[in-house]
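First the structure, which I've put down as structure tokens, then a few questions once you've had a look.
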Amino acid sequence: MPDFTLPAYPNVSSASGVSFEEWEHCVEDLQNSWHEQRFDQKTDYATPFTHLGGHSWNGKIGIEELLQTVLPIADSDTHVLLATVESWTALNGWFGDAGNLEVWIRQSDLTKLDFSHVWCLIRTD
């Protein structure tokens, strides 16, 4: 199903004026809505969901140096999240305590549909 994502709070521009509480409320609403749509049930807790593209649940801060090392980019290029697989529902417990698998690619490789150079990270941060 088509979806959308929200950036992790550390990646939200301070110039946006969005408080942490406002951001947290939006993310919880998004996750709860997705869970209700997928499983036809409401929950008392927010559940991350698997998605292609969009934003990382954990953001790019803290992994930028690693991505630059494993997928070097030129100044005109960027790293793009190709997929996130959560371990709350479909792969319950596979990536530790509420972790997820992220697949990253260079924008230039994605444009060429060259999937031979991607990098996978298991995120539990």
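Compute the angle between helix 20-39 and the longest alpha-carbon principal axis of the chain, please, reported from 0 to 90 degrees and rounded to the nearest 10.
80
A further question follows. Run the Debye formula on the Cα coordinates of the stretch 52-125, all scatterers equal and no solvent, and tell me log10 I(q)/I(0) at q = 0.16 1/Å.
The computed values of log10 I(q)/I(0) come out as -0.56.
Please go through the stretch 20-125 and write out the chymotrypsin sites (Phe, Trp or Tyr not before Pro) that DSSP classes as loop and that have at most 12 other C-beta atoms within 10 Å. Don't jump to the answer; show the numbers that get you there.
Working: sites: 20, 23, 34, 39, 45, 49, 57, 88, 94, 95, 104, 115, 119; in loops: 45, 49, 57, 88, 94, 95, 115.
Loop-located and lightly packed - 45, 115.
Now for a separate question. Mind giving me the FRET efficiency for residue 66 and residue 32? R0 is 41 Å, r the Cβ-Cβ distance, nearest 0.05 is fine. Before the final figure, lay out each step's value.
Details: r = 31 Å, r/R0 = 0.76.
FRET efficiency, residue 66 to residue 32: 0.85.
Each label point is 7 Å from the Cα along the Cα-to-Cβ direction; what then is the distance between the points at residue 9 and residue 110, in nm?
2.6
Compute the FRET efficiency between residue 78 and residue 120 as 1/(1 + (r/R0)^6), taking r as their Cβ-Cβ distance and R0 = 22 Å, and round to the nearest 0.05.
Numbers: r = 18 Å, r/R0 = 0.82.
The value I calculate is 0.75.
Place +1 on the Cβ of every Lys and Arg and -1 on the Cβ of every Asp and Glu in the stretch 4-125, take the dipole about the Cα centre, and give the residue among 108, 92, 34 whose Cα lies farthest towards its positive end.
In the stretch 4-125, that residue is 108.
State, to one decimal in nm², a quarter of the convex hull surface area for the C-alpha atoms of the chain, i.e. the direction-averaged projected area.
Numbers: hull surface 35.3 nm².
Approximately 8.8 nm², given one-decimal rounding.
Check each of the trypsin sites (Lys or Arg not before Pro) in the stretch 70-125 and keep only those in coil by DSSP with at most 11 other C-beta atoms within 10 angstrom; list them in order. Please list the in-between numbers first.
Values: sites: 106, 112, 123; in loops: 112.
When the trypsin sites (Lys or Arg not before Pro) of the stretch 70-125 are filtered for loop state and at most 11 Cβ neighbours within 10 Å, 112 remain.
Same structure, new question: Suppose all protein chains stay in the model; what accessible area per residue would a 1.4 Å probe give for the chain, in Å²? Mind showing how you got there, number by number?
On the way: 7780 Å² over 125 residues.
The answer is 62 Å² per residue.
While we're on this one: Given charges of +1 on the Cβ of Lys and Arg and -1 on the Cβ of Asp and Glu, with all other atoms neutral, how large is the dipole of the chain about its Cα centre, in debye to the nearest 20?
On the way: 6 positive and 19 negative charges, 75 e Å.
Around 360 debye, computed over the chain.
Once you list every other residue whose beta carbon is under 10 Å from the beta carbon of residue 71, what net charge do they have if Lys and Arg are +1 and Asp and Glu are -1? Can you show the working numbers first?
Working: positive: 106; negative: 77, 109.
Overall, the nearby charge balance is -1.
The values are calculated or read from the model by the stated rules, or taken from the named source; none is laboratory data. Since this is a predicted model, take the numbers as computed values, not measurements. Every residue, glycine as well, gets a Cβ built from its backbone with ideal geometry; the counts of neighbours run over all protein chains shown. Side chains are part of the model used for accessible areas, which takes the heavy atoms of the whole protein and leaves out ligands, DNA and RNA. Shrake-Rupley method; radii C 1.70, N 1.55, O 1.52, S 1.80 Å.
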